[in-house]
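To start, the structure itself, in structure tokens.
The values are calculated or read from the model by the stated rules, or taken from the named source; none is laboratory data. Please read all numbers here as calculations on a predicted model, not as lab measurements. Neighbour counts are summed over all protein chains in view; Cβ atoms, including those assigned to glycine, are modelled from backbone coordinates with ideal geometry. Heads up: the accessible areas ignore ligands, DNA and RNA and are worked out on the full protein's heavy atoms, side chains in. Shrake-Rupley method; radii C 1.70, N 1.55, O 1.52, S 1.80 Å.
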Amino acid sequence: MTVPGRLTIYAAALLVALSLLAVVMPHLALLTFIGDAALLALAVFDALLLRRTAVEVHPIPPARMVANEPCDIGYRAVNTSRHTLCFLLRQTWPTEIRCAEEKLSVTLRSGEQTDLLFNIIPAQRGPTELPIAQGAMQLALPWARRLFPLPPMPPQTVFPATDGIRKYEILRRHRALAQVGVHRLRLVGAGREFEQLRDYGPDDEYRNINWKATARRGKLVATTYQTERSQDVILCIDSSRMMGTPAGDKTALDYAVDAAVVLAHASSRQQDRVGLILFSETLQTALKPATGARAVADVVRRLAAARSTPVYPSFGLLGEALRSRFKRRSMVFLFTDLNDPQLVSNMRDNLLPAARRHFLTIISLRDALIDRVAAGAPENSRGLYQVLAANALTQERQQTLAQLRYAGAHVLQAHADSLSMAVINRYLEIKARQQL
């Protein structure tokens, strides 16, 4: 579509003013007529020239979009005409993408190409599609402007935030994981897998003497063991309505996904196999445990598309999946919400009997607001009722957790800002104590 350019609009406004003056000054009528004819001729000539002018535009998608991490996205423009022109780009952004700019412009000489890039920050993980951008071009003297839609940007997937993994890796290399709350635990017990043979020392247990190696070497030799590797870690993510509850600037599901991503990475570092179950009222994803970077990448890709749905979770379906699909004893980490007593009762009746084969840890966010109100002092009568209500909710939650523990489940609660490290600590504790 071709529309009048900026010069055409200014000239038309001037001619309108001259036309009004011609009413009282007739000698201006001829000047106005000549100006109208010249303006029409220039605009038509410029419009016809623009129709013969071509600009090739190609999308430049980002290599990878990660939540809350900046990246560049835009278009490459190539001037294939013989004229110098100005190319303008306008892009509207959905609510889940933050960007300070909506328009970019550049002057292109004949045969020249350039990249017009927006620096964006995706605020929400999951699949996203950008609206079709609008392009405009005009010649050096903008008597006319040609508008046209640009090629659509390919659909993108925003992956969960990886800053937790990077921080974990940096501190792990520098043996400083305690700075983020990860504790090194002393191995309890003898371990299960052979590590090495060494000379028997005064602190070694008598049962660790390797008598065959002792007979060969003619001196006491002890066998040392390490914690078992290649164990199965299954991440179970509840994506039902309660997980869509806001928790600060994110939802409970977002924090669960972030913690699950870090746990999958840490488990892979320990050479354990990682699996995934994503469920609500139906079983959405069931990945069998696998090891290596490719398995972790597959888990992250599936978690990137996890969205909360307004339905109740089916813990019976989860229990059946654990019983039928994962027959080897595994560490099962269930990320869910424990604020609904009815759902907790359903979990206790349907999930726990089916999950007795595995070592089940139920992970839930603590409500920081309720904890703060319950621990505070009331300032007035209304504040007193709020404190009493918060204490009642806290006691009800403690009773719920006690029922789950009595039924055989292990429960972990943590605030949103410390959830990932709390989960890593629990995983390392299970490994160190050989509870699996």
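Side notes on the structure shown:
- Count of the stretch 303-313 residues which are surrounded by fewer than 18 Cβ atoms within 10 Å (Cβ to Cβ) and out of contact with any Pro (no Cβ under 7 Å at 6 or more places or on another chain): 5
- Any hit, the stretch 216-237, residues being open to solvent by 80 Å² or more (accessible area, probe 1.4 Å), hydroxyl-bearing (S, T, Y) and at pLDDT below 70: yes
- All of R302, R329 fail the test of being out of contact with any helix residue (DSSP H, G or I) (no Cβ under 8 Å at 6 or more places or on another chain), basic (K, R) and free of Cβ contacts under 8 Å to residues at least 40 places away in the same chain, apart from R302.
- Among (1) closer than 27 Å to K327 by Cα; (2) among the β-branched types (V, I, T); (3) surrounded by fewer than 16 Cβ atoms within 10 Å (Cβ to Cβ), the one test that T245 misses: (1)
- Hey, Q271 part of a helix (DSSP H, G or I) and not β-branched (V, I, T) or not: no
- Strands (runs of 3 or more DSSP E) wholly inside the stretch 75-140 that include at least 2 residues being more than 30 Å from R307 (Cβ to Cβ) and open to solvent by less than 10 Å² (accessible area, probe 1.4 Å): 85-90, 134-139
- Options D249, D298; residue that is at pLDDT 90 or above, of a type in the set (D, E, K, R) and farther than 22 Å from L360 by Cα: D298
- Helices (runs of 4 or more DSSP H) completely within the stretch 346-436 that count 2 or more residues being open to solvent by 40 Å² or more (accessible area, probe 1.4 Å) and of a type outside the set (D, E, K, R): 368-375, 381-406
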